[in-house]
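Right, one structure below, let's go through it.
The values are calculated or read from the model by the stated rules, or taken from the named source; none is laboratory data. As the structure is a prediction and not an experimental result, all values here were calculated from the model. Virtual Cβ from ideal backbone geometry, glycine too; neighbours counted across all protein chains shown. SASA here: full protein model, heavy atoms, side chains in, ligands and nucleic acids out. Shrake-Rupley method; radii C 1.70, N 1.55, O 1.52, S 1.80 Å.
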Amino acid sequence: LDLRNNNFSGTLEPLSNLTSLEALRVSNNSFGGHLPFGFESFENLTRFDGSNNRLVGLVGRDHSGPAYESIRRLDVHSNLFELSPDLSVFPNLEYADLHSNLITGFSGNGSIPRSLRYLDLRDNRLTALPEGFRSMPSLETLYVANNRINR
């Protein structure tokens, strides 16, 4: 489903009933909030592009455990993430673009999926790399320029 470059606003919750999607592109709109909990029923969703919106986080605070097991590619750059992302809810993630947000660190004990090959964290507010970076055997590309990293 491609909804890019429109004037949509509100949350993504109404889309959570579209359970057969393989790709969801909602970039360049004004969607806000978090990814809806309904996404955990998207068994076939492998790609999500929510870049250039007003999203404030990946999942709500009251969620725990893997939720998006099929997602391999996640692009949520240029949003308003105020909460540190917990990438452990994407256990099979290979590509994550989170640049140009307000990310200061990582929740979930810094747990990063071992399958991750590409991670873009440029232009955020990171002050340190999470402990999870020490055990990323598949990582091929890491961008952390323009942060506040001092350790």
Name the residues in segment 63-78 that are of a type outside the set (Ser, Thr, Tyr), under 15 Å from ILE112 (Cα atoms) and either assigned to a loop (DSSP other than H, G, I, E, B) or at pLDDT below 90 (or both), would you?
-> GLY65, PRO66, ALA67, GLU69, ILE71, ARG72
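Could you check how many residues of segment 1-18 are among the hydroxyl-bearing types (Ser, Thr, Tyr) and open to solvent by 60 Å² or more (accessible area, probe 1.4 Å)?
Keep residues of segment 1-18 that are among the hydroxyl-bearing types (Ser, Thr, Tyr), which gives 9, 11, 16.
If we keep only those that are open to solvent by 60 Å² or more (accessible area, probe 1.4 Å) too, we end up with 9, 11.
Summing the residues that are among the hydroxyl-bearing types (Ser, Thr, Tyr) and open to solvent by 60 Å² or more (accessible area, probe 1.4 Å) in segment 1-18 gives 2.
Residues checked against (1) open to solvent by 50 Å² or more (accessible area, probe 1.4 Å); (2) not in a loop (DSSP other than H, G, I, E, B):
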position: LEU80; (1), (2): yes, no
position: SER84; (1), (2): no, no
position: SER88; (1), (2): no, yes
position: ASN92; (1), (2): yes, no
position: ASN101; (1), (2): no, no
position: GLY105; (1), (2): no, no
position: ILE112; (1), (2): no, no
position: LEU116; (1), (2): no, no
position: ARG125; (1), (2): yes, no
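I'd like the full set of residues that are of a type outside the set (D, E, K, R) and either in contact (Cβ under 8 Å) with a residue 24 or more places away in the chain or touching a His at 6+ places or on another chain (Cβ under 9 Å) (or both), limited to segment 123-141.
So in segment 123-141, the residues of a type outside the set (D, E, K, R) come out as 124, 126-130, 132-133, 135-139, 141.
ASN124, THR127, PRO130, GLY132, MET136, SER138, THR141, listed by residue number.
Which of the residues spanning segment 32-56 are crowded, with 21+ Cβ neighbours inside 10 Å and either of a type in the set (A, V, I, L, M) or not in a loop (DSSP other than H, G, I, E, B) (or both)? Step through it out loud before you land on a result.
As a first pass, look at segment 32-56 and keep what is crowded, with 21+ Cβ neighbours inside 10 Å: 35, 39, 42, 45, 48-51, 53, 55.
LEU35, PHE39, LEU45, PHE48, ASP49, LEU55, listed by residue number.
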May I ask you to list pairs of residues, at least six apart or on different chains, whose Cβ atoms are under 6 Å apart, with the first in segment 19-48 being among the β-branched types (Val, Ile, Thr) and the second being modelled with pLDDT of 90 or more and in a loop (DSSP other than H, G, I, E, B)?
-> VAL26/LEU3; VAL26/GLY50; THR46/GLU22; THR46/SER70; THR46/ARG72
